[in-house]
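Have a look at the structure below, then the notes.
The values are calculated or read from the model by the stated rules, or taken from the named source; none is laboratory data. Just so you know, these numbers come straight off a predicted model, no measurement behind them. Here the Cβ positions follow ideal geometry from the backbone for every residue, glycine too, while neighbour counts run over all protein chains shown. Accessible surface is based on the protein model in full, side chains and every heavy atom, while ligands, DNA and RNA are left aside. Shrake-Rupley method; radii C 1.70, N 1.55, O 1.52, S 1.80 Å.
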Amino acid sequence: MRMKRILSMFLMLALMLTGLAGCQGEAASENPSESAAPVVNTEPTDEFVIYRPPYTPDWMSEAIMLFRQIYPDVKVTIEDFSTTGTYEERMAQYCDRVTNELLSGEGPDIIFPSYLNANIYKAMQGGIYLNLSPFFEQDKNFKEEDFLPGVFDAGKYQGRQYIVPIYVTYPAFLARTPVLELLGIGQVECGDTISFLRQLGEVSPLLDQNLELELMMHYTGFFGRFLEIANLKLIDYENRQICPNPETIRAFMEAYKACYKWDYQDGKFVSGRMTNAPPWLPVNYCYTWLYSEINHFRLYGACFQAVDGGYTDFILRDTEGRVSTSYMYYTAVPASSKNQINAYRFIQILLSESIQARKVNYKGTLLYENIFCPVSKEALGLKVREQMNEPSIKFYDASYKTIGSVPALPAEALLGHMDQLLQAETSTLYDSTIITMTWDSMEPFFKDEKTYEACFDELKSKLTIYMDE
């Protein structure tokens, strides 16, 4: 039965991947600013070179296996950076090797930019990555409406697709309803990030007073995450502007300042506490970020409902009131790739349902290997539907023995949460360097050591250098 399913899957993928049969090359633009853009080459080749990054889940192995099954005449060469040395050593080896070879016009046919110490938008701007739009546009089987709304936005520069998301995460949260009531929050202000932060700032003094409530979120140091959710444009690369909306930036910083005390915790990272016995209910915080979306929603929602008396779920919108996904795993094709068509075929496999909704069966229990949200709508729906019939959420010890359970959430709750996820409108691909610059520049303002104007001027100076270097 399993072999029949695999053969069926191969046939489906083979049909899907023939969509590029009529794809033709793209001539270089006559626009002087784009004249150096690499020419797309869709001539078939019999080679494909992939460098496996320092850490990737097993979906990478399955994607490689599928590629070999569908294209048996293509020689696949793998450089594996995921097996030897410490993680830090593997990261350094991968980054150094890929960076040096990209600059010399050599290297793999597909890369994973999150492992590189590079300014992603400068790389898109500078022609380091291949423009994949011609492949998508002439792929007869690719339909953007089959994927989460706006999920490809963050990977574009000047309307061209350079980065392709594989899995994303949402600004989805659960709040413990009894704690909201104790804080006097009748309705969570989640319509935009700034309003949410202002509400947190208003109730944060209660953290000093009552309830054994030590944290607002499930851990401290949430500034970078809030900055990402807010989707503030600190650098506009296309128009070469720094902080084009200063009023919105100031409103965000002032709103966060009221939350700084509980989020900073004297420079120490603090994680929320859970009860020792199943279902491990949180005991000292209000809000939980569902970085694993559906999986965490079903787990925490069931716990809150069964033991804490209820939950409030919401998706926090950005400063413009939009639902925005964030790239977690993503890929790109180097402009130096000698096997562009095979690189795109591999991307097709990564976007296919077989990888997007990949699951493993561990000791008779269906588990989803990847914790983040698939970008495919069909894969997302499959994950939800296969969990709708669970009678309970079980808890296991280290030997996978059941040690407790709570009733599962009803199907309507899971479907309702999926409907919220499908309301996505755009996406972000945030730069950790910019987050660090912003924190270092603005923290003296949060601590009342410098004026806002002085800190903001310092931030703009750093961002200008970063944009131009």
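When the range 419-442 is filtered for residues that are more than 17 Å from the chain's Cα centre (by Cα) and open to solvent by less than 30 Å² (accessible area, probe 1.4 Å), the ones remaining, listed by number, are Thr438, Ser441, Met442.
Counting only residues that are part of a helix (DSSP H, G or I), within 21 Å of Leu197 (Cβ to Cβ) and open to solvent by 50 Å² or more (accessible area, probe 1.4 Å), how many does the range 443-468 have?
Restricting attention to the range 443-468, the residues satisfying the condition of being part of a helix (DSSP H, G or I) are 443-446, 452-468.
Now restrict to residues that are within 21 Å of Leu197 (Cβ to Cβ): 443-446, 452-453, 455-456, 459.
Subset that is open to solvent by 50 Å² or more (accessible area, probe 1.4 Å): 453.
Residues meeting the conditions: 1.
Of all residues being over 23 Å from the mean Cα position of the chain (by Cα), touching a residue at least 24 places away in the same chain (Cβ under 8 Å) and in a loop (DSSP other than H, G, I, E, B) in the range 274-297, which is surrounded by the most Cβ atoms within 10 Å (Cβ to Cβ)? Just the residue, please. Filtering first and then ranking leaves Pro279.
Name the residues in the range 298-325 that are outside any helix (DSSP H, G or I) and open to solvent by 20 Å² or more (accessible area, probe 1.4 Å), would you? Please lay out each step first, then the result.
Let us first name the residues in the range 298-325 that are outside any helix (DSSP H, G or I), namely 309-325.
Scanning the range 298-325 gives Gly309, Tyr311, Thr312, Asp313, Arg317, Thr319, Glu320, Gly321, Arg322.
Select from the range 85-117 the residues that are part of a loop (DSSP other than H, G, I, E, B), in contact (Cβ under 8 Å) with a residue 12 or more places away in the chain and open to solvent by 50 Å² or more (accessible area, probe 1.4 Å) and write down the one among them that is farthest from Glu378 (Cα to Cα). My answer is Glu106. Among the conditions (1) buried (at least 19 other Cβ atoms within 10 Å of the Cβ); (2) farther than 28 Å from Gly301 by Cβ, Ile194 misses just one, which is (2). Looking across the range 122-151, just one residue is over 18 Å from Gln340 (Cβ atoms), open to solvent by less than 10 Å² (accessible area, probe 1.4 Å) and in contact with a Lys or Arg (Cβ under 9 Å, 6 or more places away or on another chain), and that is Leu148.
Among the residues of the range 179-191, those identified as surrounded by 15 or more Cβ atoms within 10 Å (Cβ to Cβ), touching a residue at least 40 places away in the same chain (Cβ under 8 Å) and in a loop (DSSP other than H, G, I, E, B) are Val188, Cys190. Evaluate the range 338-350: report whether one residue or more is at pLDDT below 95 and either in a loop (DSSP other than H, G, I, E, B) or more than 23 Å from the chain's Cα centre (by Cα) (or both). Yes: one or more hits.
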